[in-house]
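What follows is a short report on a single structure.
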Amino acid sequence: MYDLLLKGGRVVDPSGGLDGVLDVAVEDGKIARVAAGIAPSEAVRTLEVGGKLITPGLIDVHAHVFEGVNRTGVNPDLAGVHSGVTTIVDAGSAGAATFGGWRHILPQCATEIIPFLHICQTGLATLPDIIAESSVNLIVTVKVATENHGLIRGIKARMVSPALEIMGMEMPKLAKRAAREAGIKLMVHIGDTEKRYDPKVIHPLLDLLEPGDILTHYFTPNPGGVLDGNGKLVPEAREAANRGVWFDTAHGRMNFSFDVGRKIIDQGLLPHCISTDLTVPGRAMTVHSMTEMMTRFLGLGFTVPQVVTMSTANPAKAVGVDGRLGSLAVGRQADVSVLELKQGDWVVYDILGSALRVDRAFAPHLTLKRGRLFTPDFGPRPWGWWPDRAVAGGCC
C-alpha cells in the first residue's frame, strides 16, 4: 500500500524522459512508482492533481536563508517548501566565524538546506563583506568546511568592491584553494554593483574555474560580466562551459538583465541553472519566488521541459546531490513539486526595470519533501503568486 498517490497530473521529468499524464506513488519517503492508471485503492491517500504539473522537487541553487543571523535571510521554509521548493543552496550567507548559527536553524527546517561557506569569515553578516585582508582566514575556513564535510558542499567568493580593491585576484584564488583543500565546489559571484573595478577581471577569473565549479549571476549587467564592451561573449566563458563549469543565472536585486541574457542566449551559451538569489528585500521587490524566476525563462523562449531541467536535474548535478535529488526515478527521495502553469497576460521585470510580457506563469500548488506534504503560503505579492497583470496599451 502506497502512502500517497498524486493522480492525473502532467509529469515533466526530462531526466527520466517523462512528459505526459501519469500518476506518482510515494512510499516510505521515496518514489515508489510512476505510471498511468494507478488505482486509488492502492494508496492510503490520493490527491487528484489533474491539470497540474508534477516535477522533481525544485532546487534553488542560490538563495540566502540564514534567518536570524543575517538581516536579509529569508525564513527557509517560506522560501522552500511553502514556495514549491524542496531544496535550497544557501550561497555563502555564513562564513567560518558565523557558521555555527546553522546549528540553530537546520533542525527547524522542513526544507533541505545545503550551505556553501563564504570565504569571508563573517559571511554576509555585514556588507561589504571583505573589508581587510584579515577578513579571509584560509586555515579556519578549510577547518570549518572539513569538519562539516557532507553538509558544506562549496566555498563562495564574491567578485565585488571593495574585496577586489583590497585583495585583487588573490581573493578568488584563496577561495579556490579552500575549496580544493576541503574537496568541495567553488561558487563565484560576478557583477560589481559598485561599478568600481576593472571589468576585465572576468578573463583571469574564468580561467581559474575548474570543472564542477559554479559561476553565478552570469546575466548581470554590472561590470565583470561575461559580455565585453561590444556585447560579445568573452572567449573564456565558452571555454569554461566546455570544460564543465556550471552557469547559473541567480536574479537577485541587482544582477539580472533581460537584454544581457538575450545577448548571451543568442550567442549560444545557455544557462544550466535558474535560481533566485532570494533575500528578504528581494522577495518583496524584485525576485519574489523561484516559480516567478521560472516564468521569466518561459518568457525568454525556453520550453517547460528546459525550465524544469534548469530547476531540478541540473542544480542537483551542480551541487553533487543527483544520486537522490532532481529526478522522479523509482527509489529516489520523494521530493516533488506540483505546480500550476496558468495562461494569462502578465509582465515581469528585471533589475533595470525592463519589462517582459509573458502569457504563461508558474505558481506552487503542493510540495512533497521526503514524502511529507506541504501547501504554499499566500505568496510574496499583495495578491499572491502571480506576476503583475499587463495593462492594455502598456509595455512590450
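Where a number appears in this text, it was derived from the coordinates with a stated rule and is not lab data. The model shown is predicted, which means the values in this text are computed figures rather than measured ones. Here the Cβ positions follow ideal geometry from the backbone for every residue, glycine too, while neighbour counts run over all protein chains shown.
Quick notes
- As a length-normalised measure over Cα pairs under 8 Å and 6 or more apart, the relative contact order of the chain settles at 19 percent.
- Taking chymotrypsin sites (Phe, Trp or Tyr not before Pro) in DSSP loop conformation with at most 12 other Cβ atoms inside 10 Å as exposed sites, the chain has its longest uninterrupted site-free stretch at 1-377.
- Bridging of Lys185 to aspartates and glutamates at a Cα separation below 17 Å is possible for Asp60, Asp90, Glu147, Asp207, Glu210, Asp213, Asp248, Asp322, once same-chain residues fewer than 8 apart are set aside.
- Distance violations [Cα-Cα > 32 Å] among Lys232/Lys342; Lys7/Lys317; Lys176/Lys232; Lys173/Lys317; Lys143/Lys263; Lys30/Lys263: Lys232/Lys342; Lys143/Lys263; Lys30/Lys263
- Linear extension gain, Glu133 paired with Arg33, 0.36 nm per residue minus alpha-carbon span: 30.6 nm
- Across region 225-241, coupling constants 3J(HN,Hα) worked out from phi with the 6.51/-1.76/1.60 Karplus curve, θ = phi - 60°, read x, 8, 9, 7, x, 9, x, 9, 4, 5, x, 5, 5, 5, 4, 4, 4 Hz, and Gly and Pro carry x.
- Close amide H pairs (under 5 Å, H built 1.01 Å from N) link Arg381 with no residue at least 5 positions away or on another chain.
- Compared with the alpha-carbon gap, the fully stretched path from Arg262 to Thr375 is longer by 37.2 nm at 0.36 nm per residue.
- Gaussian network model of the chain, springs between alpha carbon atoms under 10 Å - residue of Leu47, Leu209, Leu366 with greatest fluctuation: Leu47
- Kirkwood hydrodynamic radius (C-alpha pairs) into Stokes-Einstein, region 1-155, 20 °C and 1.002 mPa s, D in µm²/s: 121
- The listed peptides 168-174, 121-127, ordered by packing as a protection proxy, come out as 121-127, 168-174 (highest mean of other Cβ atoms within 10 Å first).
- ³J(HN,Hα), Karplus 6.51/-1.76/1.60, whole Hz, each residue of region 60-73, x for Gly, Pro: 8, 7, 7, 8, 9, 10, 7, 5, x, 10, 9, 5, 9, x
- Between Ile155, Ile139, Ile113, the Gaussian network model of the chain with springs among Cα atoms under 10 angstrom shows the greatest mean-square fluctuation at Ile139.
- Its residues counted as N, the chain yields a C-alpha radius of gyration over 2.2 N^0.38 Å of 0.96.
- Here each label is just a point 7 Å from Cα along the line to Cβ, and for Asp345 and His149 those points are 5.9 nm apart.
- Helical content alone sets the calculated 222 nm signal of the chain at -6000 deg cm²/dmol, taking -39,500 (n - 2.57) per DSSP H segment of four or more residues and averaging over every residue.
- Cα gyration tensor, region 231-376 - rounded (a/c under 1.5), prolate or oblate: oblate
- Using θ = phi - 60° and Karplus 6.51 cos²θ - 1.76 cosθ + 1.60, couplings along region 381-386 (whole Hz; Gly, Pro as x): 9, x, 9, x, 9, 7
- Taking 10 °C and 1.306 mPa s as conditions, region 276-362 diffuses translationally at an estimated 111 µm²/s according to Stokes-Einstein applied to its Kirkwood radius (Cα pairs).
- Average Cα contact separation per residue, region 39-148, under 8 Å, 6 or more apart, as relative contact order %: 22
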